[in-house]
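A.B. asks: Right, I'll just put the structure down here and ask away after.
The values are calculated or read from the model by the stated rules, or taken from the named source; none is laboratory data. Being a predicted model, the structure only gives us computed values, none of them experimental. Glycine gets a Cβ as well: all are built from the backbone with ideal geometry, and neighbour counts include every protein chain shown.
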């Protein structure tokens, strides 16, 4: 697990040590470097990061709160493994909530917000490299950053918090849902449609586009898992 650099990138003045450890572990889970159902051991991780066991335990509690791991007495922490039905249910809820976030954002977005989204979409459109998996991960990261911007500025903090938690729970499936070039092009088209709706301040259209982003990702991820 290549976690060291992730930990060191976290600004120490902005996050606590347990939060940095939790972020690094979550990143590895999202990249499927730690598999669903895998056990997470306090002592090896404390040594790996050079932190106390109490910091690792607190990191586990943060991840449990976000639904990324489960903690069982006398058995420690394990990476959450979603069943097929659980995954579908989370995606269905996320689609509806992201639609609402896009609806709210369309009503209050600024030109500065649109420029940031345009810049990120331009980067997403020009991803290069021979490694298909690396392109999929980078596309997913850029897509997530645009979704975060929308959620953070939609004017509903509770909604933003719920969507962030869900994104962590289904991140590995989101990456899976972007694993082909054809699927990533579809994702780009969906984002272009959403940005056009946001420019027009078409809140109903933005709602539908936001839902479609999630629904298409689920459909492709399920197809890959079934093969």
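A.B. asks: Between 23, 64, 33, which is exposed (fewer than 15 other Cβ atoms within 10 Å of the Cβ), under 18 Å from the mean Cα position of the chain (by Cα) and modelled with pLDDT under 95?
C.D. replies: Within the list 23, 64, 33, the selection yields 33.
A.B. asks: Something else: Taking the conditions exactly as written (surrounded by fewer than 18 Cβ atoms within 10 Å (Cβ to Cβ), within 17 Å of the chain's Cα centre (by Cα), farther than 18 Å from residue 31 by Cβ and not assigned by TED's automatic domain parsing to the domain that holds residue 28), does residue 222 satisfy them or not?
C.D. replies: no
A.B. asks: Consider region 131-151. How many of its residues are in a helix (DSSP H, G or I), more than 11 Å from the chain's Cα centre (by Cα) and under 15 Å from residue 178 (Cα atoms)?
C.D. replies: So the answer is 7.
A.B. asks: Another question, then. Looking at region 50-61, which of its residues are surrounded by fewer than 20 Cβ atoms within 10 Å (Cβ to Cβ) and farther than 16 Å from residue 165 by Cα?
C.D. replies: 50, 51, 52, 53, 54, 57, 58
A.B. asks: Working only within region 152-197, note down all residues that are over 20 Å from residue 221 (Cα atoms) and not in a helix (DSSP H, G or I).
C.D. replies: Scanning region 152-197 gives 153, 154, 155, 156.
A.B. asks: Separate question: How many residues does region 70-92 contain that are surrounded by 10 or more Cβ atoms within 10 Å (Cβ to Cβ) and more than 18 Å from residue 38 (Cβ to Cβ)?
C.D. replies: Final tally of qualifying residues: 6.
A.B. asks: Inspect all residues belonging to region 120-127 and state whether any of them is in contact with a helix residue (DSSP H, G or I) (Cβ under 8 Å, 6 or more places away or on another chain) and modelled with pLDDT under 90.
C.D. replies: yes
A.B. asks: Scan the helices (runs of 4 or more DSSP H) fully inside region 24-121 and keep the ones with 3 or more residues being assigned by TED's automatic domain parsing to the domain that holds residue 190 and touching a residue at least 24 places away in the same chain (Cβ under 8 Å).
C.D. replies: In region 24-121, 84-108 are the helices (runs of 4 or more DSSP H) which contain 3 or more residues that are assigned by TED's automatic domain parsing to the domain that holds residue 190 and touching a residue at least 24 places away in the same chain (Cβ under 8 Å).
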